[in-house]
1. Need one word for the stretch 31-140: rounded, prolate or oblate. Basis is the Cα gyration tensor (sqrt eigenvalues a ≥ b ≥ c); a/c below 1.5 gives rounded, then a/b vs b/c decides.
2. So, by mean Cβ neighbours within 10 angstrom, what's the order for 123-133, 137-147 with the highest one leading?
3. Apply the Kirkwood formula to the stretch 78-154: the hydrodynamic radius equals the inverse of the mean of 1/r over all pairs of different alpha-carbon atoms; give it in Å with one decimal.
Ligand SMILES: [Zn+2]
Ligand SMILES: [Zn+2]
């Protein structure tokens, strides 16, 4: 554990981000540095809002838009991984210090369950080999209902809130 941490000391990550910004002609502002520091303090899966709250707790007056714009840069830079890809519910996690794993996302309560599977890695490698494709990462996700939600409301029983909205809109028109 400590070994992994040593490989990704905050100084190294800060330097990597600084270089990344420079390479892309983006200004390395104090706000961006504070955002990186806040993100390094967060654990597990988190949203932009949590980074924003932490910044405010530390008394840093960083704008919401800046946080929302900076997190994708940290993904591109390789420091973060994006776990949920919906624009409004984007979730992130550290791209370092943890073994490779994939996610199951509950469509109803939003719970994210992690799993690690050798089978996924093998399948990925096998398909890539067949296509002579050099893989640097993969995105493999399950969407559905977590066990609690599936007990509370079986899949077919209730439409999703968004679907209900859509059908209402339809009948009104
Ligand atoms: Zn659920
Ligand atoms: Zn995860």
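Every read-out reported here was derived from the displayed coordinates using simple, explicitly stated rules and does not represent laboratory data. Everything quoted here is computed from the prediction, not taken from an experiment. Every residue, glycine among them, receives a Cβ derived from its backbone with ideal geometry; neighbour counts consider all protein chains shown.
1. On the way: a/c = 2.50, a/b = 1.89, b/c = 1.32.
In terms of gyration-tensor shape, prolate.
2. Working: 123-133: 10.6, 137-147: 12.5.
Going from most to least packed, we get 137-147, 123-133.
3. Working: mean 1/r = 0.0706 Å⁻¹.
Result for the stretch 78-154, one decimal place: 14.2 Å.
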